[in-house]
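The next block holds one structure in the form of structure tokens; read it before the comments.
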Amino acid sequence: MARVQLKRISKKFGNLEVVKDLDLVVDDGEFVTLVGPSGCGKSTTLRMVAGLEEITSGELYIGDILANRIPPRERGVSMVFQSYALFPHMTVSENIAFGLKIKKRSRGEILKKIEWAVNLLNLEGLETRFPKDLSGGQRQRVALARALVVEPDVLLLDEPLSNLDAKLRLKMRAELKRIHKRLGATVIYVTHDQVEAMSLSERLAVMYEGKLVQVGSPLEVYNSPRNMFVAGFIGSPSMNFFDSKIIKKDGSLFVAFEGFELAIPRSCESKYSGYLDREIVFGIRPEHIYDKRFSKTESSSGNTIDAVIDVVEPLGDRDIVEAKGEGVNFTLLLEPEAKAAPDQPTSAVFDMEKSHVFDKN
Ligand code: ADP
Ligand code: MG
């Protein structure tokens, strides 16, 4: 197993720099996900680790060895792509055995490994089938099996679940977690799906326009997003943002909007005091705005907006609700018991303890 270190890694295609000074350490046995919108440089970064893309500048270490110039096959990494290309003319077993044959392992060892992988990935009974006779999920698992049997120090996975239907994707997520726990391999996973990233990883590395913006555990990133991009990208539905200003009246701080003010409780004054008299963006997640009847924080005139419900999207366990009040539109999550319906009034309680403030610049 091995630690992977990226030191100021950059990648240019011609004059276009698509990965910029990326610094990241993935510990031995850790599961880290590169997450960010399409085109932000995730696959390019992963391909540089795999050796499929030349590194323009910076240093890549796998274990303690400088790997920039090491050929892909000698890096001890296995990669699974989004379009998991299985060899169509080979059976499941032959596909799985491919990497081992190249490495000239003995027949006995190859058979043992196939059995192990088939068992691990629940592929029993499919060994002699060809890829065309497999479902998407089964093909996906064969691709994983093929990557795992060579016992890579580092497993690189690029959107490996994106071609699966929703139900199977959930199942494979759990399966991947189990495999990781069992094998203890270092995993670098790439996805644009923030929910998948949150649910799978020990740490997230959030990328935006070729740069790493924040690295942390899923909860750290969710609770303390470094900037508005991360705040809006991590969490579903997305955080509400309001242009506003921090003001002081009679010794108390307020978030001031066009026509109304939200009182900042003493307990979170320190978060806001540095922004006094400045234009800010106030952020609050939909799950931290409550209907007064079900509020998880005390409601008062200082934190409650009388609003009217506009649109309701029922999810079963909760409703995503768009509402409008005091001249602002916002999204909140309500329990089904609130019986949210369009045009119905709601007293929306803002949980100021869970709010966020961003410098407008
Ligand atoms: P992601 O995986 O995050 O969606 P990619 O790493 O695939 O993003 O791509 C990052 C950027 O680099 C994109 O703007 C893409 O168009 C560009 N890019 C990727 N590969 C090449 C290439 N071979 N030549 C030129 N530009 C490329
Ligand atoms: Mg990609």
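With a cut-off of 12 Å between beta carbons, the residues surrounding A338 carry a summed charge of 0, where Lys and Arg count +1 and Asp and Glu -1. Among residues other than I247 with Cβ under 9 Å from its Cβ, the summed charge is +1 (Lys and Arg +1, Asp and Glu -1). Annotated for region 78-141: lysine pairs at least 8 residues apart or interchain, Cα distance under 14 Å, count 4. Using only C-alpha atoms and all pairs of different ones, pull out the Kirkwood radius for region 53-145 in Å with one decimal. That comes to 14.9 Å for region 53-145.
Of the three principal axes defined by the Cα atoms of region 240-359, the extents in descending order read 41, 23, 22 Å. In the elastic network of the chain, a GNM with C-alpha springs shorter than 10 Å, the most mobile of K113, K12, K104 is K104. Using all pairs of distinct alpha-carbon atoms, the Kirkwood hydrodynamic radius of the chain works out to 23.1 angstrom.
In the chain, the calculated helix contribution to ellipticity at 222 nm averages -7500 deg cm²/dmol per residue, counting -39,500 (n - 2.57) for every DSSP H run with n ≥ 4.
Have a look at M90, M79, M207 and tell me which one the Gaussian network model of the chain (Cα, springs below 10 Å) gives the largest fluctuation. In this elastic network of the chain, the residue with the biggest mean-square fluctuation among M90, M79, M207 is M90. A simple count of charges around L204, restricted to other residues whose Cβ falls under 14 Å of its Cβ and scoring Lys, Arg +1 and Asp, Glu -1, yields -2. Each residue of region 39-54 was assigned a 3J(HN,Hα) from its phi angle through the Karplus curve 6.51 cos²θ - 1.76 cosθ + 1.60 (θ = phi - 60°); the sequence is x, 7, x, 5, 5, 4, 4, 5, 5, 5, 5, 6, x, 8, 9, 6 Hz, with glycine and proline shown as x. Accessible surface of region 4-233, 1.4 Å probe: 51 percent of it comes from carbon and sulfur atoms. Ligands, DNA and RNA are left out, and with a 1.4 angstrom probe the accessible area of the chain is 49 Å² per residue.
The values are calculated or read from the model by the stated rules, or taken from the named source; none is laboratory data. Just so you know, these numbers come straight off a predicted model, no measurement behind them. With ideal geometry, Cβ positions are generated from the backbone for all residues, glycine too; neighbour counts draw on all protein chains shown. When the accessible area is computed, the model is the full protein with side chains, heavy atoms only, and any ligands, DNA or RNA have been set aside. Shrake-Rupley method; radii C 1.70, N 1.55, O 1.52, S 1.80 Å.
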